[in-house]
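Asks: Below is a structure I'd like to ask you about.
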Amino acid sequence: MNLKRFGVPAAIAVTAALALSSCASNEGGAAAPEESTSTLAGNLVGAGASSQDAAQQSWIAGFQTANPDVTIDYDPSGSGAGRETFLSGASDFAGSDRAFKDEELAAGGFQKCAPDSTIVELPLYISPIAVIFNLEGVDSLDLDAATVAGIFAGKITKWNDPAIAATNPDATLPDLAITPVHRSDDSGTTENFTEYLGAAAADVWTWEADGVWPFEGGEAAQGTSGLVDAVTNGNGTIGYADASRAGDLGTVAIKVGDEFVPYSPEAAAAIVDHSPFAEGRAEGDLAIEIDRTSEEAGVYPIVLVSYLIACGEYAESDNVELVKAYLSYLASPEGQETAATDAGSAPISDSLREKVTAAIDSIK
C-alpha cells in the first residue's frame, strides 16, 4: 500500500473511556464489569452502509458498555442515503461503502462541518463481497471475471452454460434459468461489485461503476437483507452481498491469475494492502483505490472498503470529543477484533491504523 501521504503520525491518546479490557458483558458467564469511570456523555447519530450494520451493532454495544452515558444510533439505510444524511447535517458521521468522489468533494456543502472544512474518510470496515447463489446440490463454484460479468449482464442465462461448466467439471449443473439479483437501492456494495466487473471483464461489462444498478433486468431487492432473502428464497438465483451475510448459501471462488480464490477476511485484507491511496486528497481523507485486476497470489479482488466519514472540523464543538472517541475505538485493535469476530471483516493492518490514527487526531 502506498503510505506516503502522511508523515509519522502522533499516537492516539488512550483514555479511560476506551479501556474496554474491563468490559466483560460480551463474555458468557463473566462477572459484571467494574463501574465505568468514563466522563463521556451525549448522543451520536450515524447512518449509511448496511454492510456495516453487524459491525456497528457490536461496536456500539462495546462502546456504550464502557461509556454508559453515551447513546449511539446507527441507521443502516444504505451508503447513498448515509452520504446524503451526512451532507445535509442530519448525522454526526456516515458509513459508506465508497468514498466521496472528487466532484462531490468539490461541491462541498457539508452542513455539520465548518465552512471550507475538508472531511476525513477512514477505511475501518474491510470485507469481501461474496457472490452468493442458491442452486440445489451445488455448494461452491469456480468462476472467472468474464463469466460472472456475463451472468449479471444477462448474457449467460442457464446454469449449464459451457462457460460455467468449463471451470467446474465436477459440478452437476442443471438446465435451469439463472436469476441474477441486484440491489434496488443506491448501494456502495453495488458500486464496488460493478467496479470489479468493469475492471476485470471490460469486454463483457460495459457499464461504468455506480451504486445504482445500470439497467433493468433480473430481480431487484432492497438492502443487503433484501438481496440475501431474495437469493435464499429463490431457485437458481445468484447475487452479491457482504460476505458476513453469505450464511449457508453457495459461494463463488474468483479466478485471480492462475488460481481460484475463495473469499476470506485474509484475502480481502491482502488486496487492500496491495492497493494505493487515491491521489489528490486532503490529509485525513484515506480513500483507497482497490486494484481489481491484481494477480498477486491469495488476494480476493471483489472487496468493499467501507468508510467512516466525519468532518475535519465541525461547525459546533458539542460532539467533537465523542466523535473522536468513538472513531478511535473502531480503529483500535479491540474494535477491529470485535468487528472481525461478529461481522467477519478483515482487521486493518498496523500501518493503515497509523494513518487512521493521525486522521482522527486531526479532527477539531
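Asks: Just to be sure before I move on: is Val256 within 26 Å of Thr167 (Cα to Cα) and touching a strand residue (DSSP E or B) at 6+ places or on another chain (Cβ under 8 Å) in the structure I sent?
Replies: no
Asks: Restricting attention to the range 147-177, report how many residues are in contact (Cβ under 8 Å) with a residue 24 or more places away in the chain, more than 21 Å from Gly217 (Cβ to Cβ) and open to solvent by less than 50 Å² (accessible area, probe 1.4 Å).
Replies: Number of matching residues: 5.
Asks: Here is a follow-up. Is it the case, given these coordinates, that Ile271 is crowded, with 22+ Cβ neighbours inside 10 Å, of a type outside the set (Asp, Glu) and part of a helix (DSSP H, G or I)?
Replies: Against the criterion (crowded, with 22+ Cβ neighbours inside 10 Å, of a type outside the set (Asp, Glu) and part of a helix (DSSP H, G or I)), Ile271 qualifies.
Let's see how each residue does on (1) at pLDDT below 95; (2) in contact with a helix residue (DSSP H, G or I) (Cβ under 9 Å, 6 or more places away or on another chain):
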{"residue": "Ala325", "(1), (2)": "no, yes"}
{"residue": "Tyr329", "(1), (2)": "no, yes"}
{"residue": "Glu334", "(1), (2)": "no, yes"}
{"residue": "Glu337", "(1), (2)": "no, no"}
{"residue": "Ala346", "(1), (2)": "yes, yes"}
{"residue": "Arg353", "(1), (2)": "yes, yes"}
{"residue": "Ala358", "(1), (2)": "no, no"}
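Asks: Restricting the search to the range 67-79, which residues are assigned to a helix (DSSP H, G or I) and open to solvent by 10 Å² or more (accessible area, probe 1.4 Å)?
Replies: Matches in the range 67-79: none.
Asks: Can you pull out the residues in the range 341-364 that are under 17 Å from the mean Cα position of the chain (by Cα), touching a residue at least 24 places away in the same chain (Cβ under 8 Å) and under 14 Å from Pro123 (Cα atoms)?
Replies: Ser345, Ala346, Pro347, Ile348, Ser349, Leu352, Val356
Asks: Could you tell me which residue of the range 114-146 is least open to solvent (accessible area, probe 1.4 Å), considering only residues that are among the charged types (D, E, K, R) and more than 18 Å from Tyr196 (Cα to Cα)?
Replies: For the range 114-146, the residue satisfying everything is Glu121.
Asks: Out of all the residues in the range 88-110, which are surrounded by 13 or more Cβ atoms within 10 Å (Cβ to Cβ), polar (S, T, N, Q) and within 18 Å of Ala315 (Cα to Cα)?
Replies: Ser91
Okay, residues lined up against (1) on the phi > 0 side of the Ramachandran plot; (2) over 15 Å from the mean Cα position of the chain (by Cα); (3) at pLDDT below 95:
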residue: Ile12; (1), (2), (3): no, yes, yes
residue: Thr15; (1), (2), (3): no, yes, yes
residue: Glu27; (1), (2), (3): no, yes, yes
residue: Gln52; (1), (2), (3): no, no, yes
residue: Gln57; (1), (2), (3): no, no, no
residue: Val70; (1), (2), (3): no, yes, no
residue: Glu84; (1), (2), (3): no, yes, no
residue: Ala94; (1), (2), (3): no, no, no
residue: Arg98; (1), (2), (3): no, no, yes
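The values are calculated or read from the model by the stated rules, or taken from the named source; none is laboratory data. Note that this is a predicted model, so its numbers are computed, not measured. Ideal geometry is used to build each Cβ from the backbone, glycine not excepted, and the neighbour counts take in all protein chains shown. Note: accessible area is taken over every heavy atom of the protein model, side chains too, but ligands, DNA and RNA are not part of it. Shrake-Rupley method; radii C 1.70, N 1.55, O 1.52, S 1.80 Å.
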